[in-house]
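Note sheet for the following structure.
The values are calculated or read from the model by the stated rules, or taken from the named source; none is laboratory data. Since this is a predicted model, take the numbers as computed values, not measurements. Cβ atoms come from the backbone with ideal geometry, glycine included; neighbour counts cover every protein chain shown. Surface accessibility is based on the protein's heavy atoms, side chains included, excluding ligands, DNA and RNA. Shrake-Rupley method; radii C 1.70, N 1.55, O 1.52, S 1.80 Å.
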Amino acid sequence: RHFNSSPLTLLVGTDKKPYLVHSSLLSSKSKTFQALCEGNWAETHSREVDWSDWEESTVNRYLEWMYTGSYSVSESSGNPKTPPTEEEEECEQIEEPTEEWPQDTPRPMTPLCACFIPLCNSEFYEASQNNDDFPDISMAHAKLYVLAQYTNTPALENDALEKLHTLLVQFTFSNDPHIVESVVDLIQYVYANTNSLANSEEPMRRVVSTFCATHFLKLLRKPAFKRLQFEGGDFMVDFWEKAGRLIEWERKESDELGRNETKELRRKRIPLQIYEESPRNLYGL
């Protein structure tokens, strides 16, 4: 029935390249397109929608998902997912506390691998990417997530979020300054194009800020991240709330375990992702 529906033209990118799509297909998955096609808007009668603000590559992935139920961001996408790391397997055993945390006890930061629960049953197959791929792939998922929000397409919004979450969990930080710059670009794009929620944390913001808090020791001294700190804003509030919980929990665990216990043993007993350098050394705690 979709292929018999009247076509809709999307004018994409700065050059307004025309994309002819099946209106009923878009309406079946997007509440925004459903309202547009069934309403009495100017676009309803002209059958043209101005998408000059959206990049062609993002729209290509959007339509790929609309027609196939999935999308790719590189030639290597579609390969079987890499086996979970030891940290990912350990995180599967960690659950977010269901009861209110005691006020006199520091609440641990939710690990990155446990801060997102898929909202649908679709499975994804992501190839392991190297750091050179990270900037383009992470931004591609973020931009598609924002477009899915813009068009009120919840299933795609969830798919893009899950793909970015998987990428960040598998990501290995390096000392390459360009990687930090790409992380800052991702932060700025996500926080500029999503809105804070009144009663819960915006899902994409939560994933990105948790990723940064998990790696905060590798980020704080980098010039690009220092510039971001001076800007302040919602991200720094989210970031320091999580990083503060991480520091306080690690300090509490250290006091309880004693001064003579080895760092390696202490890391195994703390249900968080602690990396390389103790926060106490950084802050003199």
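Provide the FRET efficiency to the nearest 0.05 for the Ala35-His178 pair, computing r from the beta carbons and using R0 = 51 Å.
0.75
Treat each spin label as a single point 7 Å out from the Cα along the C-beta direction, and report the Lys16 to Lys226 distance in nm.
4.7
Extending each Cα 7 Å along its Cβ direction at Asp53 and Thr68, get the distance between those two points in nm, one decimal.
2.8
When the accessible area of the range 1-75 is split by element with a 1.4 Å probe, what percent falls to carbon and sulfur?
Carbon and sulfur together cover 50 percent of it.
So for the range 140-240, what percent of the C-alpha to C-alpha distances run longer than 22 Å?
Roughly 27 percent, once rounded to a whole number.
How much area per residue is accessible in the range 1-70 when the probe is 1.4 Å and only protein heavy atoms are counted (Å²)?
Each residue of the range 1-70 exposes 58 Å² on average to a 1.4 Å probe.
Which peptide among 28-40, 202-214 comes first, and what is the full order, when sorted by highest mean count of other Cβ atoms within 10 Å?
Per-residue Cβ counts within 10 Å, averaged per peptide and sorted highest first, yield 202-214, 28-40.
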